[in-house]
Amino acid sequence: MERSREARVEIRSLDQPDEVRDFPGGRSAVARFGRGTVGRSTLEPGWIWSRDVGASLGLEWCPTPHFGYVIGGRMAGRQQDGREFRYGAGDAVALEPGHDLIEPRGRVGD
């Protein structure tokens, strides 16, 4: 006989996050769940991950995968293999490790 599993529901407000991460040119509000984290990031124009975050860690490429939904604004980026990408409001995005994110008027061409 198969036992049914009770569904868990967890709700967190990013207006009262579990953690706030401030970094040069930006801020992230983070909610922790049993199976992962969700964050809301606000980035200033001209922000570049490799310069504003990676440099302090000694990294050129972000080592973390990200899944997200863009509420407003635009971003551009480059994968370590040279592929460039852009995304903006209304897009869902999945980023593999080995990426750099930049403000769209930065290094990535149109």
Notebook entry, point to check: Among (i) 1.02; (ii) 1.25; (iii) 1.09, which is the computed Cα Rg over 2.2 N^0.38 Å?
Noted result: (ii)
Next item on the list: May I ask you to evaluate 6.51 cos²θ - 1.76 cosθ + 1.60, the Karplus curve with θ = phi - 60°, for each residue of region 20-37 and list the ³J(HN,Hα) values in order in whole Hz, giving x for glycine and proline?
Entry: 10, 10, 9, 8, x, x, x, 7, 10, 9, 10, 10, 9, 10, x, 10, x, 10
Item checked: Solvent-accessible heavy-atom area per residue, rounded to whole Å², over region 42-107 at 1.4 Å -> 62 Å²
Notebook entry, point to check: Within the accessible area of the chain, what % is carbon and sulfur when the probe is 1.4 Å and the other protein chains stay in place?
Noted result: 49 percent
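The values are calculated or read from the model by the stated rules, or taken from the named source; none is laboratory data. Since the model is a prediction, treat every value here as computed from it, not as a measurement. Accessible surface is based on the protein model in full, side chains and every heavy atom, while ligands, DNA and RNA are left aside. Shrake-Rupley method; radii C 1.70, N 1.55, O 1.52, S 1.80 Å.
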